[in-house]
1. Name the pairs whose Cβ atoms lie under 7 Å apart, with the first residue in the range 107-122 and within 15 Å of Asp63 (Cα to Cα), the second of a type in the set (Lys, Arg) and buried (at least 18 other Cβ atoms within 10 Å of the Cβ), and 6 or more positions between them or separate chains?
2. Can you pull out the residues in the range 49-62 that are under 16 Å from Pro105 (Cα atoms) and either touching a residue at least 40 places away in the same chain (Cβ under 8 Å) or of a type in the set (Lys, Arg) (or both)?
3. Just checking, which of Phe75, Phe121, Phe136, Phe80 is in a loop (DSSP other than H, G, I, E, B) and either modelled with pLDDT of 85 or more or closer than 30 Å to Gly22 by Cβ (or both)?
4. Could you please find all residues in the range 124-133 being of a type in the set (Val, Ile, Thr) and outside any strand (DSSP E or B)?
5. Can you tell me how many residues in the range 19-72 are polar (S, T, N, Q), loosely packed, with under 13 Cβ neighbours inside 10 Å and part of a helix (DSSP H, G or I)?
Amino acid sequence: MREELGQSLIELALLLPILVFGLIGGADLARAFALQLAVQNGARAGAEAYAVNQSPSAQLARDRAKDEMGRTPGFTKDAFGKVNAFVTVTIAEADGVSDCTVSPPTVADPCFVTVQVQYTFQTTIPWPLIPNVANFNRSTTMRLFY
């Protein structure tokens, strides 16, 4: 009986580190997935706010995108409490390059807003042999409505 108890203790001691690393790795993976979805939602919210004229400037659209991302816990934040992400707002014609020539845009000559969000994710633990940093880069394009 005593030998079996010792064997169980050795098996637990050998298996416990693998289980702990599996749990922490799964938590990191789930956190990365949630933050990636939040980056996509932030790009969508910024583009939507600009497109329907709730945020009539690029800065307000950037703030709307960061506010949307800030609702998901786990983002790194700057000194002002905003999500530490790089948000770009571009307004262009259908080709994505030319500036809008008609203001307000019409059905015949539409304008589009593109909000691109870039965020650098870092794992909780620096894992050996596995990348510890991932760059999330998402963008959303919507037609302007006036």
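1. Filtered contacts from the range 107-122: Val117/Arg138.
2. Matches in the range 49-62: Tyr50, Ala51, Val52, Asn53.
3. Selected residue: Phe75, the only one of Phe75, Phe121, Phe136, Phe80 that is in a loop (DSSP other than H, G, I, E, B) and either modelled with pLDDT of 85 or more or closer than 30 Å to Gly22 by Cβ (or both).
4. The first filter runs over the range 124-133 and keeps only residues of a type in the set (Val, Ile, Thr), leaving 124-125, 130, 133.
Those that are of a type in the set (Val, Ile, Thr) and outside any strand (DSSP E or B): Thr124, Ile125, Ile130.
5. Of the residues in the range 19-72, the ones polar (S, T, N, Q) are 36, 40-41, 53-55, 57, 59, 72.
When the remaining residues are screened for being loosely packed, with under 13 Cβ neighbours inside 10 Å, the result is 53-54, 57, 59.
Now restrict to residues that are part of a helix (DSSP H, G or I): 59.
Matching residues across the range 19-72 total 1.
The values are calculated or read from the model by the stated rules, or taken from the named source; none is laboratory data. Since this is a predicted model, take the numbers as computed values, not measurements. Cβ: placed from backbone, ideal geometry, glycine included. Neighbour counts: every protein chain shown.
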